[in-house]
1. Please report how far the C-alpha centroid of region B:229-249 lies from that of region A:139-165, rounded to the nearest whole angstrom.
2. Sort shortest first the distances from B:GLU293 to its counterpart in every other copy, using label points 7 Å along the Cα-to-beta-carbon line, and give them in nm.
3. For A:ALA194, place a label point 7 Å out from Cα along the Cα→Cβ vector, do the same in each other copy, and report the separations in nm, one decimal, smallest first.
4. Show me A:310-323, B:18-31 ranked by packing, highest mean number of other Cβ atoms within 10 Å first.
5. Enter the accessible area per residue of region A:213-349 (Å², integer; probe 1.4 Å; all protein chains in place).
6. What is the percent carbon and sulfur in the accessible area of chain A, measuring with a 1.4 Å probe over the protein chains and ignoring ligands?
7. Using protein chains only (no ligands, no nucleic acids) and a 1.4 Å probe, work out which residues of region B:275-309 have their accessible area cut by at least 30 Å² relative to the chain alone.
8. For chains A and B related by rotation, which residue of A has the Cβ nearest the axis, and what is the rounded distance in Å?
There are 2 protein chains.
Amino acid sequence: MWDRAGVSTPYAVVDRDVLAANVAAMQAFCDRRGIALRPHAKTHKTLEIARLQLEAGAVGLTVATVGEAEVYADLLAQADVDVLVAYPVAVPPERLRDLARRVRVVVGVDSAQGVSRAAEAGVAVSVEVDCGLRRSGVDPAQAGLLAAVAAARGVPVHGVFTFPGHGYAPGAAAASAAADEARALADAAESFTAAGLECAVRSGGCTPTAGHVDAGVVTELRPGVYALQDAQQVALGVAALEDVALRVRSTVVSNAVAGQVVLDAGAKVLGTDRPAYVEGHGLLPAYPHARIERVWEHHGVVDLRGGAGPALGEVVDVVPNHVCATVNLLDELVAGDETWRVAARGRNS
Amino acid sequence: MWDRAGVSTPYAVVDRDVLAANVAAMQAFCDRRGIALRPHAKTHKTLEIARLQLEAGAVGLTVATVGEAEVYADLLAQADVDVLVAYPVAVPPERLRDLARRVRVVVGVDSAQGVSRAAEAGVAVSVEVDCGLRRSGVDPAQAGLLAAVAAARGVPVHGVFTFPGHGYAPGAAAASAAADEARALADAAESFTAAGLECAVRSGGCTPTAGHVDAGVVTELRPGVYALQDAQQVALGVAALEDVALRVRSTVVSNAVAGQVVLDAGAKVLGTDRPAYVEGHGLLPAYPHARIERVWEHHGVVDLRGGAGPALGEVVDVVPNHVCATVNLLDELVAGDETWRVAARGRNS
């Protein structure tokens, strides 16, 4: 029901030792391959974790929105590193200009309109290319053209980036998406060369594909989830359960319906992400055969038909499916004896 | 990209005329049937909308958590009405006692443990019964027993409540769930009588089932979504598109992949609720044949194969599938010339 003064369940706890180990391991992995690590800070949204990543050797941060970049700006400026907004940014130019006064900014572009905005705001760009996800990003073969448009307008072009998100699937998907990533980034770099431009940064990666990175092509990785991990990564075989650094502490509030119990952790803390490859709406490490079968906003219904589960009133930890979604629902994380504010929560623009 | 000083997309806009009409219509519906209206304030989480509902004639508010009740407490006390926490509450008793000093509180119970907590905190209870959703709530026939346990401990028992959430489905589901609701509440009231207790309040309802309420049994309704409405209600035939009072204003940020455009409204503002009966991840009223086929955290991919859609850079409004989820992701709502704080956002406990 509560095990920390003043905090009622549900709330998120962070294991700082596991977090530190995850941060160190990914940094070491990249260092060994001579790849720069630029963690995606949308996952954790906290200054404390960003600081850990920079101290471990990250070359800067990735964010999804200008609002997130604003939160991390001072920290990045102090560390004398830049921020990549890995997104086709569409905020008012004056806001981007204000940000650029505080920290070196690179924004994603996948259109001439995006280049115009960057030119107006006076910030550098990186060209987003699609490597198979079919979300945003130009065809890799066209990247050099867009880079040339930027260069002609005096906009510094750092390179190219892609998101191999189709690696979020079981089996060989991650390896295959990493191969797509390498091919797309190589093609994009070639199109830069054809346009007479240098493509210094070839950035890829997400947590599932990182282990399959082609270090002959990729110069930078942008994983996010690795710092905290979650049930999706466990299901994909990318992380072990003991690598997960964030859990949602929850109380069993009902056992009135036979064959199940209800947790106070529902969609408003676990989120509703449930890809086909995960079992239920999160994992219960203490009760591996109980399954969170259904969620409503404040109810997580645990089916006990598969095995034992927690009793009424018991406090139990849940590993959420998608940690980015969980963190974005919370105002703070309980990390040992500290409470960390989710400073970039809800910074959607 | 932005159409209001200082606010970049994506953000939520509320049409106050539509909101006022929705609030008035549900109140009039209940008044005509002699049913008390106790709106579920988890939907909007804002003091401004709660005030509208109370001024229109609501007998009090429903909330899902003690944290929400704390936000509304002063407003409710001023209006001299009570709050029902329609949930098997499991916060520390001292916190519940503090709340009860500010406002009259009724909490849901579906176990003897819940009754003990209420007794310890000195608050009244209502017995939750299950009417077919199989989530929380005791068997209606057992409600009187639990009420007797409460009465024996000196805990005031207001009555019973149920949530006919299985009415969230197409076709005859809402009518059928409303019939289940009436049967469960009648059975529960009978079990009170058998235990020698009065069951003054028989509370039911959610937005889809409200229109089918059995006024011979149900004394109180607790719909939430009706105030703002959403794409789920439109798909269920409960609301027309013009009844929807909240939209997410969004910008087209990418058209780089053929056959689609990308909105800056993704899962972090639209949520990921997508029941089988809705088309896509939200509606685009201006482009009825375009479909939001896929969402990531900050990307809403609009498939244009079904018909015309917005152009790169265009600002377009989206009706989210589930407005409760959307509101809970946002810190504020833009309502005409006012900005309303989502004061109860993230109050998960």
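1. 40 Å
2. Label-point separations across copies, in nm and ascending: 3.4.
3. Result for A:ALA194, in nm, nearest copy first: 8.0.
4. Values: A:310-323: 21.5, B:18-31: 18.1.
Ranked from most to least packed, the peptides come out as A:310-323, B:18-31.
5. Working: 4290 Å² over 137 residues.
It amounts to 31 Å² per residue over region A:213-349.
6. On the way: 5890 of 11810 Å².
Summing carbon and sulfur atoms, their accessible area is 50 percent of the total for chain A.
7. By number: B:ARG294, B:TRP296, B:GLU297, B:HIS298, B:HIS299.
8. Checking which Cβ lies nearest the axis yields A:THR272, 2.
The values are calculated or read from the model by the stated rules, or taken from the named source; none is laboratory data. Owing to the predicted nature of the structure, the values given are computational and were not obtained by experimental measurement. Methodologically, a virtual Cβ is constructed for each residue, glycine included, from the backbone with ideal geometry; neighbour enumeration extends over all protein chains shown. Heavy atoms of the whole protein, side chains included, go into the accessibility calculation; ligands, DNA and RNA do not. Shrake-Rupley method; radii C 1.70, N 1.55, O 1.52, S 1.80 Å.
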